[in-house]
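Asker: Below are the structure tokens for one structure; questions will follow.
No value in this document is a laboratory result; all are computed from the given coordinates. Values in this document were obtained by computation on a predicted structure and should not be read as measured data. Counting neighbours? That spans all protein chains shown, and the Cβs are built from the backbone with ideal geometry, glycine included.
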Amino acid sequence: MSAIKHIIERFGLSMWKACKMIGLSRTSFYYKPVSKPDEDIIIKRLKKLAETRRRFGCPRLHIMLRREGFKINHKRTERIYSQLGLILRIRLRKKMSSQLRTEMPKPAYPNHIWSMDFIKDSNSRLMNTRHVRARP
């Protein structure tokens, strides 16, 4: 950029001709880089947020950083989050039975209640009991 300014001042050329001589596009001449927030500041703030909000994952922490004024991409947040080892452990859900457990009725006298639990039924026929296996 200083070379183009030097050519413009020294030789009195237009900015367009000076850029053409050097082989630089005019948009590059006018480009002003945006300063990024320091990575250390983001790391410290992300750690502090993760400590106070233990159940928040990366997406929610990213939203909190954005609300605090950090201009940060979600991919950068994810990279820093994984580098710090802040991966959130997934909670397993409790297994809920689909049926209510009821107590089996107790027989009042002999041969009152008969039941059998079939595991295998050969050819869906109960003609020959040798092929039927019952659970003990």
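Asker: Sorting check: for 97-104, 70-77, which peptide has the highest mean count of neighbouring beta carbons within 10 Å, and how do the rest follow?
Answerer: In descending order of packing, they fall as 70-77, 97-104.
Asker: Let me ask something else about it. Which links in 5/71; 36/75; 48/75; 47/95; 47/75; 5/36 stretch past 24 Å when you go from one Cα to the other?
Answerer: Checking Cα-Cα distances, 5/71; 47/95; 5/36 exceed 24 Å.
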